[in-house]
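The values are calculated or read from the model by the stated rules, or taken from the named source; none is laboratory data. Predicted, not measured: the structure shown is a model, and the values here were computed from it. Counting neighbours? That spans all protein chains shown, and the Cβs are built from the backbone with ideal geometry, glycine included. To get the accessible areas, we keep the full protein, side chains included, count just its heavy atoms, and leave off ligands, DNA and RNA. Shrake-Rupley method; radii C 1.70, N 1.55, O 1.52, S 1.80 Å.
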Amino acid sequence: MTSLHAADALLPSGWARDVLLEWDDAGTLTRVRAGERPDGHHRAAGVVLPGMPNVHSHSFQRAMAGLAELRGHPTDDFWTWREEMYHLVRLLEPEDIEAISAHLYIEMLKHGYTTVAEFHYLHNDRDGKPYADPAELAHCIVSGASASGIALTLLPVLYAHGGFGHRALSPAQRRFHSDPQALFALLADVESFHSPSPLLRLGIAPHSARAVDALLLQETVDLATKFDAAMPIHMHVSEQQGEVSECISTHGVSPLTWIAELVPLDARWTLIHATHLTGLEMRRAAGACACIGLCPTTEANLGDGIFDFLPWFERRAAWGIGGDSHVSVSPFEELRSLEYSQRLRLRVRVVASEEDRPDVAANLWSAAAAGGAQAVGQPVGGLEAGRRADFVVLDGKDVDFERLDARAQLGVAMFSGNSNRVRDVFVGGRPVVESGHHPDEEAASRAFRGALSRLRQRP
């Protein structure tokens with residue numbers, strides 16, 4: 001199968017009718033044309049959308065989704081949630097990480113994600129000691145992605161300090177410990193073992209202003225430029241107000257200013273969360289062509305705050321969505337949460353719209369797919385020649401789509417209920433989900449159940 005005819009498809013230019021998608025044996029789109037007859041081509045079973053990149057994932061946290069909702073402190077926040085996460089970190093073995101990742105990535109595919117950027121900061125064993133193969137856990141992530149069929153941008157994390165002022169790592173954080181030389185040795189190991197792979201991209205992730213210092217950040221960016229001048233660089237920025245205040249107290253400036261004064265800020269960069277950026281910082285980030293990675297359901301779950309999205313949207317600057325802690329595995333839910341948070345913040349409706357762009361759902365999907373492509377550093381994000389044939393087909397027979405056009409169907413899929421309206425998913429021109437089913441989902445579910453059973457029995 002190297003072609004598909006869609007009665008309706010969302011192209012970079014907007015909605016189009018009778019669209020013929022053709023791709024080559026490498027899975028690259030060679031032709032995307034509207035107004036074509038379906039003769040001799042497979043017909044899509046519903047509206048076709050570009051596949052969605054997930055720009056920020058901590059896959060192992062899928063094993064604790066929904067389990068930190070018991071009051072543990074009078075002012076429960078991110079920092080108390082983090083202690084629950086550290087409990088899980090102390091228990092995980094390599095086989096658990098691979099099983100969790102494979103199951104999660106299949107869930108993502110079934111809901112419309114086709115690429116994932118894994119912010120991978122588990123490097124060492126449960127005692128905080130390096131494995132015989134320092135890339136042991138990175139290989140588990142790559143294997144989980146390969147088994148699922150999702151495209152992966154692997155971002156090994158530099159995590160050297162337990163907080164500002166070179167604070168020592170806590171016992172749980174010792175699993176995260178790394179240094180620039182070790183991370184690039186890990187990347188070289190992964191590249192030599194798994195390449196060539198058209199669905200694997202390598203990047204780097206200095207964790208945050210609290211976990212790295214100036215010299216480490218500069219060394220990491222220098223090494224990244226030498227390793228791959230276009231390598232994606234992701235970093236947590238301004239996620240918590242407390243973190244911003246502590247950065248100002250320690251360094252005299254905010255996290256984004258601290259980063260931008262030390263290293264070149266450019267299109268390689270994805271600023272994860274960026275929840276508390278000021279207007280001036282937004283202008284600086286947009287001027288550098290950096291991407292912002294938003295994780296609305298996790299940011300809401302952790303009480304992080306609400307990103308001031310409208311100015312960024314109106315600049316048409318790059319942004320993408322991420323699942324982060326995976327309290328949701330659906331891009332539709334992330335985009336709905338993003339739009340609703342802005343409506344609550346501004347007390348108006350249809351925020352992600354302009355006079356010449358009134359379609360909120362299409363605006364959100366198209367922009368998140370295009371910005372997400374920049375963040376993951378892969379040739380995805382739009383249905384056009386030269387990009388990979390990653391796309392999502394909605395279920396045209398869904399009862400709620402009765403007598404609705406394509407624009408309305410996407411609106412219903414994004415803003416109505418919790419039903420998953422994704423029917424088929426293609427990655428690199430290959431069907432990985434058909435009629436809502438992934439061929440390995442039962443086996444992956446059994447392995448995931450086994451991992452949960454082991455984890456929940458460990459002291």
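Which residues, taken from segment 3-29, are open to solvent by less than 80 Å² (accessible area, probe 1.4 Å) and over 19 Å from Val392 (Cβ atoms)? Asp24, Ala26, listed by residue number. Which pairs do you get when a residue that is in contact (Cβ under 8 Å) with a residue 60 or more places away in the chain, found in segment 25-36, comes within reach of a residue that is among the basic types (Lys, Arg) and assigned to a loop (DSSP other than H, G, I, E, B), reach meaning Cβ atoms under 9 angstrom, with the pair 6+ apart or on two chains? Close Cβ pairs satisfying both conditions: Thr28/Arg387; Leu29/Arg387; Val32/Arg387. Would you confirm, using the coordinates I've provided, whether Asp8 is assigned to a loop (DSSP other than H, G, I, E, B) and either under 30 Å from Ala99 (Cα atoms) or not small (Gly, Ala, Ser) (or both)? Here the answer is no, as Asp8 does not meet what is asked. The lone criterion from (1) outside any loop (DSSP other than H, G, I, E, B); (2) touching a residue at least 40 places away in the same chain (Cβ under 8 Å); (3) over 20 Å from Gln218 (Cα atoms) left unmet by Glu239 is number (1). In segment 79-97, the count of residues that are in a strand (DSSP E or B), touching a residue at least 12 places away in the same chain (Cβ under 8 Å) and either open to solvent by 20 Å² or more (accessible area, probe 1.4 Å) or basic (Lys, Arg) (or both) is zero. Within segment 205-234, the only residue that satisfies the criterion of being within 13 Å of Leu187 (Cβ to Cβ), open to solvent by 30 Å² or more (accessible area, probe 1.4 Å) and aliphatic (A, V, I, L, M) is Leu223. Of Leu394, Leu346, all but one fail to be aliphatic (A, V, I, L, M), modelled with pLDDT of 95 or more and open to solvent by 10 Å² or more (accessible area, probe 1.4 Å); the exception is Leu346.
Checked against (1) open to solvent by less than 50 Å² (accessible area, probe 1.4 Å); (2) at pLDDT 95 or above; (3) more than 30 Å from Met1 (Cα to Cα), Pro358 meets all criteria but (1). Restricting attention to segment 305-334, the residues being open to solvent by less than 30 Å² (accessible area, probe 1.4 Å), farther than 14 Å from Ile292 by Cα and either acidic (Asp, Glu) or part of a helix (DSSP H, G or I) (or both) number 3. The number of residues in segment 407-459 that are over 19 Å from Val393 (Cα atoms) and basic (Lys, Arg) comes to 5.
Please verify whether Ala286 is at pLDDT 95 or above and assigned to a helix (DSSP H, G or I), treating the condition exactly as stated. Yes, satisfied.
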